[in-house]
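Every number here is computed from the coordinates shown, using simple stated rules; none is lab data. A quick note: this is a predicted structure, and the numbers were derived from the prediction, not measured. So basically every Cβ, Gly included, is an ideal-geometry build from the backbone, and we count neighbours across all protein chains shown.
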Amino acid sequence: MACYGGQSPLSQQFWYVYILKCNNGTLYTGCSNNLEDRVSRHNLGQVIATKNILPVEIITYIAFTDKYKAYDFEKYLKQGSGRAFSKRHLH
């Protein structure tokens, strides 16, 4: 089995940049290393930014092996040109 970065792909830690569609039609962009748990926390009302616009559904996510690249991409998606990119390519 080929390895990536010295680790087996199955043991690789991933960071996810995700986009949620909220109950009111707005979109929320976030980043987490545990996507399933994070979306669950959103839907349980444990995330301040989305607790009043539940339920949320995940519409896309992108996996990164580098935490800092993931956070940089999340930040980009929250800026003007990143929002335009997101609309054209991610949802």
Original post:
Once the Cα gyration tensor of the chain is found, what semi-axes does its equivalent ellipsoid get, as square roots of 5 times the eigenvalues, in whole Å, sorted largest first?
Top reply: 25, 17, 10
**OP:** Mind giving me the FRET efficiency for T65 and R88? R0 is 25 Å, r the Cβ-Cβ distance, nearest 0.05 is fine.
**Re:** 0.50
**OP:** Grab the DSSP H runs of the chain that are 4 residues or longer, score each as -39,500 (n - 2.57), total them, divide by all residues and round the 222 nm result to the nearest 500 deg cm²/dmol.
**Re:** -9500 deg cm²/dmol
**OP:** State, to one decimal in nm, how far the label point of D37 lies from the label point of I53, with both points 7 Å from Cα in the Cβ direction.
**Re:** 2.5 nm
